[in-house]
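Visitor: My structure is below; once you've seen it, I'll send some questions.
Any read-out appearing in this document is the output of simple, stated calculations on the displayed coordinates, not a laboratory observation. Keep in mind that what you see is a predicted model, and the values were worked out from it rather than measured. Here the Cβ is made from the backbone with ideal geometry for all residues, glycine too, and neighbour counts use every protein chain on show.
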């Protein structure tokens with residue numbers, strides 16, 4: 001049986017835990033999906049495999065992004081920060097009431113950047129307790145990024161537009 005988990009709870013679980021993170025891309029708000037990648041040479045219809053995001057590829061992402069999200073429990077503005085730590089791209093996600101959670105599982109397929117996270121949650125915000133997995137995908141949308149968050153493999157989905165904080 002699949003339970004619905006409030007967005008604020010999921011973000012709380014992710015930013016307060018020390019587990020790994022990752023993401024998937026789609027823009028529900030506009031109904032658009034990333035353009036399919038060109039097939040690999042010699043393999044008709046083959047999609048490229050996700051590869052770790054390099055520092056060079058991450059250069060335009062470096063810095064802080066604000067992602068306003070309308071959740072069932074109200075508006076929440078998440079912060080997503082990309083930075084260089086020891087020659088590797090890392091990210092952190094936080095919200096005003098939650099400390100930053102470090103993300104190290106960051107990949108890129110074509111123009112789509114994916115971040116993944118998973119944790120076990122048991123806490124005071126809800127009766128829910130158990131595993132929570134998040135996949136966040138970021139797709140270029142002009143100067144911004146379409147952000148799509150999928151929790152517990154479609155148990156809860158939400159989208160928004162990430163804007164770089166200047």
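Visitor: Fewest Cβ neighbours within 10 Å first, please rank 119, 139 accordingly.
Guide: 119, 139
Visitor: Assuming 0.36 nm per residue, please report the length gained on full extension of the stretch residue 128 to residue 51 beyond their Cα-Cα distance.
Guide: Full extension of this stretch gives 24.3 nm more.
Visitor: Another question, if that's okay. Taking Rh as the Kirkwood radius computed over C-alpha pairs, what is the Stokes-Einstein D of the range 52-102 at 20 °C in a medium of viscosity 1.002 mPa s, expressed in µm² per second?
Guide: Value of D from the Cα-based Kirkwood radius: 179 µm²/s.
Visitor: By how many nm would the segment from residue 75 to residue 111 lengthen if fully extended, with 0.36 nm per residue of separation less the alpha-carbon distance?
Guide: 10.2 nm
Visitor: For the ranges 105-113, 86-94, 68-76, what's the packing order if you count other beta-carbon atoms within 10 Å of each residue, average per peptide, and put the highest first?
Guide: Answer by packing, highest mean first, reads 105-113, 86-94, 68-76.
Visitor: For the range 66-166, what mean projected area does the convex hull of the alpha carbons give, in nm²?
Guide: With every direction weighted equally, the projected area is 7.4 nm².
Visitor: Note down the nm distance, to one decimal, between modelled labels 7 Å out along Cα→Cβ at residue 88 and at residue 157.
Guide: Distance between the two pseudo-spin positions: 3.1 nm.
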